[in-house]
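Since the structure comes first, as structure tokens, the remarks are kept for the end.
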Amino acid sequence: MERGKPNFPLFLTALRAGLRRGELGALKWGDIQFGASEQDANRYILVQRNYVYGQFTTPKSNKPRRVDLSRQLRATLLALRDEKLMKAFLAGKNSVSDELVFPAPEGGVLDPDNLYDRYFLPVLEKAGLRRIRLHDLRHTFGYLLIQAGAPVPYIRDQMVHSGIRVTADVYGHLLPGANVACIDRLDAATAPQLSATLLQPAENAIPIEVRQLIEKISAGGETRTHDLGIMRPSLYP
């Protein structure tokens, strides 16, 4: 997948937003909130329709989902939208909000089967990769979120799983590595601890006047000790 290629925005959307193939074909410009700038956190794709068996339906979850828009994907789709807007203005239109983001070459909805056979397979063959499903790009999206350290509840919401258990069942085998990385970070955050024995001064390091005082205090058959910390920590220098 190369920048500047006609289908780059299409496959980047699959990888950065986890859209299913029918959702990609049904996406409209009005579904995308670009935000005021790339620093604006209010940037997302509202996935609210699917295209299956020749008709528009609701997404698989039967409810819309909001997928955050990465900065790279925002810039890519924004450039594509501006290009579409220019063509629309030249044709006397004022908006493209109701137009499909990824229409078929001849116009209309991009058929999901054609998306795989005519678009995705040639990309895999050119790259020398084995055949995979287009849906595997959605799983790659989940995997990349895990590697980026995203919390499981966030991944669940982005992929609109019915619950955290579903997310854990699908991607649980990828989590142990991330957990080990978190454990390793604890070592870096922990300051070295001095040995407790280093805090106890040697007998020769105790002034002779203090040791004589200890001898007097401990006279009378009591247990004797040279550890001032047991008796009076304030005597330490």
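Here the range 1-64 is treated as a Stokes sphere of Kirkwood radius computed over C-alpha pairs; at 4 °C and 1.567 mPa s its diffusion coefficient rounds to 101 µm²/s. For the pair the range 34-68 / the range 120-145, the C-alpha centres are spaced 21 Å from each other. Sequence-ordered 3J(HN,Hα) estimates for the range 132-148 from the Karplus curve with 6.51, -1.76 and 1.60 and θ = phi - 60° stand at 10, 7, 4, 5, 5, 5, 5, 5, 4, 4, x, 4, 5, 5, 4, 5, 7 Hz, glycine and proline given as x. By the equivalent-ellipsoid construction on the alpha carbon gyration tensor, the range 43-146 comes out with semi-axes of 25, 19, 17 Å, ordered largest to smallest. Is there a pair in 63/84; 28/126; 28/63 whose C-alpha atoms are over 23 Å apart, and which pairs would that be? The answer is 63/84; 28/126.
Given a 1.4 Å probe and the protein chains as shown, residue 87 ends up with an accessible area of around 130 Å². Close amide-amide hydrogen proximity is noted between residue 57 and 50, 51, 52, each under 5 Å apart and 5 or more residues distant or on a separate chain (H modeled in the peptide plane; Pro and chain starts excluded). Can you work out the base-10 log of I(q)/I(0) for the range 96-152 at q = 0.17 1/Å, using the Debye formula on its C-alpha atoms alone? Result of the Debye calculation: -0.76.
The values are calculated or read from the model by the stated rules, or taken from the named source; none is laboratory data. Since this is a predicted model, take the numbers as computed values, not measurements. Surface accessibility is based on the protein's heavy atoms, side chains included, excluding ligands, DNA and RNA. Shrake-Rupley method; radii C 1.70, N 1.55, O 1.52, S 1.80 Å.
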